[in-house]
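Reviewing the structure listed below.
The values are calculated or read from the model by the stated rules, or taken from the named source; none is laboratory data. Worth saying up front: this structure is predicted, and the values here are computed from it rather than measured. Glycine gets a Cβ as well: all are built from the backbone with ideal geometry, and neighbour counts include every protein chain shown. The area values use the complete protein model at the heavy-atom level, side chains included, leaving out ligands, DNA and RNA. Shrake-Rupley method; radii C 1.70, N 1.55, O 1.52, S 1.80 Å.
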Amino acid sequence: MTIEHSAEILPSREAAPAREAQPRVRGAAGSAWFGIAVVVALAVAPLFLKNFVTFQLTMALVYAIAILGLNLLTGISGQFSLGHGAFYAVGAYSAAILMESAGLGYAWTLPVAGVVCFVAGFLFGLPALRLEGVYLALATFALAVATPQFLKLGPLEHWTGGVQGVIVTKPDPPFGLPMSQDQWLFYFTLAVGLLLYWAARNLVHSRSGRALLAIRDNPIAARSMGVNTALYKSLAFGVSAAYTGVAGALGAIVVQFVAPDSFTFALSVSLFVGLVVGGVGWLPGALAGGAFVMFIPNLAEHVSKGLSGAVYGVLLILIIYAAPGGVGGLARSLGARFSQPGRRP
Amino acid sequence: MSGAEPLLRVADIRVTFGGITALDGVSFDQRAGHILGLIGPNGAGKTTLFNCLSRLYHPTSGDIRLEGASILGRAAHRIAEIGIGRTFQNVALFQRLSVRDNALVGGHARTRSSMIGDALRLPAAKRTERDSLERVHEILSWLGLESVADAPVGGLPFGTQKRVELARALATRPKLLLLDEPAGGLNHDEVHELGRLIRRIRDERGVSVLLVEHHMGLVMSIADRVVALNFGRKLAEGTPAEVQRDPDVIRAYLGDKAA
Ligand SMILES: Nc1ncnc2c1ncn2[C@@H]1O[C@H](COP(=O)(O)OP(=O)(O)OP(=O)(O)O)[C@@H](O)[C@H]1O
Ligand SMILES: [Mg+2]
């Protein structure tokens, strides 16, 4: 006989200690207003910032989009990846090659990069179905390590530029809008990010998204409710890779340059760190994660040139200690406190 | 086959795990509209049989038919859609989801959507979502779970969690509902209430029930027929009164205690 799943088939989680059910309504309204405030603050920020800072802010948004994709995989469907830098790279190269070799408009490279990475992610997700937890992390690690080398390969050099990489033309603002190129790219990235966030949120609150959450929490029960777990896990990989690929495409346009050494394993780790800092499973956390990835290494460098790595490490550990659930965990406990005044000490 | 085709036919099912024979040629029929009690000492093979019905385990031999059609060619995720719903012996909820979302997952097999449609909130996806919410709302209020609909299930009392599992199973719109020790961990009053509820599930919702239970009082008071298993074999089958009188059944249970 075949046993599709290991012994005593159900992960018999103990009933968690009783926790009061919390009225969500006030908290939800509060967080919606907070979200709007953040978006408004972002929208006016470039008016007061130097172009270089605007560029940095744009890159924080780009990383946020990549982390949003990673969150769909890890936080929502419960699968790990230490290799999302690979999808970011594929997205970046897709955009660079399409713009510079095929003459495609920069905006059109985003959907193409998304589709290419969806297919890549889905195909990677299929064999990865056999892998759980740390083994899956290991396989994605291999992907991250291998990708930069493929990008250097001789036969592809005509398109990829080999070790030299590809220089990407910086787009001008359309319709003669009175703003700098950096400002325009910021607003463009913000708009794409908001659209992708909206779609991710819709997804999580839909039949498909609940199927993914169900797989994360209890795959066997999910199957018995009719969820094709293999298909949905692969789809989650595809969608996640597509998000990260679009981020990569945006990154290539914003940085105006792609080269294999921009996409080392360190990028994958950064995205993973951003995910944890923002809060696994909490979509808005991607913004905090993106800011962390963009600004904290600079900050660490600022504090001490020689020991920037150590400063970064200490900051990271402090954050994990202070907010074990990342920014998301913090937001949740604050929300709980505000929605139940007086109920907590 | 004669006019009264059984809802469920379990025919000579055998399941082995390495050296252990968990089910050794078990056969029985269940009529539509019946509550069938499945009893037996610990390790008799009751849960193993449920897992075969859910296609989580694949029997070495034998057949399982629902309304005459074998289910053995189906993948586990294609079982809910033909009308077999279940609960689990150790509550197997989606711990971090709300009561409502747990029940909504129960409707997964009965609805269709695409990821793109869901992500872009296309009209078809919105319609599906509205219908699902309506259905789940009806089930939650029928089970008295409305007040906790937004609560994450992980923090709810055990008895409530069992009820949520029932809601989730009903949301699959089953013809046949498999309940694996629904009374386990409940107090006296809750068991009494559960008995009434299972009857109402059958009478008001037209769902046939296959009930695995150690609580004899419950089984004997609500089952139309009872099948007794021991060491993977069928010991006895009949009305509750017949099975209760059966010398083999008495021996299996008393022997258990005397040992
Ligand atoms: N996945 C498995 N691998 C190995 N042995 C198993 C597995 N599942 C069940 N068994 C064995 O099959 C036999 C029947 O177990 P099963 O869980 O079906 O009993 P049960 O009647 O449900 O008992 P209980 O009343 O304690 O729940 C036991 O000997 C059990 O150890
Ligand atoms: Mg059992």
Considering residues of the stretch B:79-94 that are farther than 16 Å from B:L210 by Cα and within 16 Å of ligand 1 (Cβ to nearest atom) only, the residue surrounded by the most Cβ atoms within 10 Å (Cβ to Cβ): B:A92
Count - residues of the stretch B:205-222 that are more than 16 Å from ligand 1 (Cβ to nearest atom), buried (at least 19 other Cβ atoms within 10 Å of the Cβ) and either in a loop (DSSP other than H, G, I, E, B) or within 14 Å of another protein chain (Cβ to nearest Cβ) (or both): 1
Within the stretch B:66-118, tally of residues that are more than 18 Å from the chain's Cα centre (by Cα) and part of a helix (DSSP H, G or I): 7
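Rundown of residues vs (1) within 23 Å of the chain's Cα centre (by Cα); (2) within 14 Å of chain B (Cβ to nearest Cβ); (3) at pLDDT 85 or above; (4) more than 24 Å from B:Q161 (Cβ to Cβ), yes/no style:
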| residue | (1), (2), (3), (4) |
| --- | --- |
| A:E20 | no, yes, no, no |
| A:A37 | yes, no, yes, yes |
| A:L47 | no, no, no, yes |
| A:T54 | yes, no, yes, yes |
| A:I65 | yes, no, yes, yes |
| A:L70 | yes, no, yes, yes |
Members of the stretch B:173-185 found to be more than 25 Å from B:E67 (Cβ to Cβ) and more than 16 Å from ligand 2 (Cβ to nearest atom), listed by number: none
Checking B:E146 against (1) open to solvent by less than 50 Å² (accessible area, probe 1.4 Å); (2) away from ligand 1 (no atom under 16 Å from the Cβ); (3) not basic (K, R), the condition it does not meet: (1)
Check on B:L56, touching an Asp or Glu at 6+ places or on another chain (Cβ under 7 Å) and within 16 Å of ligand 2 (Cβ to nearest atom): yes
Subset of the stretch A:220-231 (residues that are touching a helix residue (DSSP H, G or I) at 6+ places or on another chain (Cβ under 6 Å), modelled with pLDDT of 95 or more and assigned to a helix (DSSP H, G or I)): A:A222, A:R223
Only one of B:E129, B:E134, B:E193 that is farther than 30 Å from B:L38 by Cα, of a type outside the set (V, I, T), away from chain A (no Cβ under 12 Å) and outside any loop (DSSP other than H, G, I, E, B): B:E134
Candidate set: the stretch B:25-43, residues that are buried (at least 23 other Cβ atoms within 10 Å of the Cβ) and more than 30 Å from A:N228 (Cα to Cα); chosen: the one nearest to ligand 2 (Cβ to nearest atom): B:G40
Checklist (1) of a type in the set (G, A, S); (2) surrounded by fewer than 19 Cβ atoms within 10 Å (Cβ to Cβ); (3) away from ligand 1 (no atom under 16 Å from the Cβ); (4) at pLDDT below 95 applied to B:S141, failing item: (4)
Verdict on B:I79 being aliphatic (A, V, I, L, M), away from ligand 2 (no atom under 16 Å from the Cβ) and farther than 30 Å from A:G238 by Cβ: no
The stretch A:146-173, residues that are open to solvent by 80 Å² or more (accessible area, probe 1.4 Å) and under 17 Å from A:Q256 (Cβ atoms): A:Q164, A:I167, A:T169, A:D172
Condition met for B:R135 (open to solvent by 30 Å² or more (accessible area, probe 1.4 Å) and within 27 Å of B:L7 (Cβ to Cβ)): yes
Filtered residues of the stretch B:43-65 (kept if away from ligand 1 (no atom under 12 Å from the Cβ), within 17 Å of the chain's Cα centre (by Cα) and part of a loop (DSSP other than H, G, I, E, B)): B:S54, B:R55
Residues within the stretch A:248-290 that are of a type in the set (V, I, T) and over 18 Å from A:P148 (Cα atoms), tallied: 6
Every pair of residues 6+ apart whose Cβ atoms lie under 6 Å, when the first sits in the stretch B:45-56 and is under 18 Å from B:L235 (Cβ atoms) and at pLDDT below 95 while the second is within 9 Å of ligand 2 (Cβ to nearest atom) and charged (D, E, K, R): none
Cross-chain or 6+ apart pairs with Cβ under 7 Å, the stretch A:203-227 first and facing another protein chain (nearest Cβ under 7 Å), then open to solvent by 10 Å² or more (accessible area, probe 1.4 Å) and among the aromatic types (F, W, Y): A:A211/A:Y232
Filter result (closer than 14 Å to B:L178 by Cβ and away from ligand 1 (no atom under 12 Å from the Cβ)) within the stretch B:33-42: B:H34, B:I35, B:L36, B:G37
Which listed residue is surrounded by 24 or more Cβ atoms within 10 Å (Cβ to Cβ) and among the β-branched types (V, I, T), from A:V62, A:V44: A:V62
All positions within the stretch B:11-20 that are away from ligand 2 (no atom under 16 Å from the Cβ) and not charged (D, E, K, R): B:A11, B:T16, B:G18, B:G19
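Rundown of residues vs (1) modelled with pLDDT under 95; (2) out of contact with any His (no Cβ under 6 Å at 6 or more places or on another chain); (3) open to solvent by less than 70 Å² (accessible area, probe 1.4 Å); (4) polar (S, T, N, Q), yes/no style:
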{"site": "B:A167", "(1), (2), (3), (4)": "no, yes, yes, no"}
{"site": "B:L178", "(1), (2), (3), (4)": "no, yes, yes, no"}
{"site": "B:G195", "(1), (2), (3), (4)": "no, yes, yes, no"}
{"site": "B:D203", "(1), (2), (3), (4)": "no, yes, no, no"}
{"site": "B:V249", "(1), (2), (3), (4)": "yes, yes, yes, no"}
Qualifying helices (runs of 4 or more DSSP H) (wholly inside the stretch A:86-195; at least 3 residues being in contact with a Pro (Cβ under 9 Å, 6 or more places away or on another chain)): A:133-152
Inter-residue pairs, beta-carbon under 6 Å, first farther than 7 Å from A:F80 by Cβ and in the stretch A:133-147, second of a type in the set (G, A, S) and part of a helix (DSSP H, G or I), 6+ apart: A:A139/A:A128; A:L143/A:A86; A:A144/A:G85; A:A144/A:A86; A:A144/A:S268; A:T147/A:A86; A:T147/A:A89
Single unsatisfied condition, B:A124 versus (1) open to solvent by less than 20 Å² (accessible area, probe 1.4 Å); (2) within 12 Å of chain A (Cβ to nearest Cβ): (1)
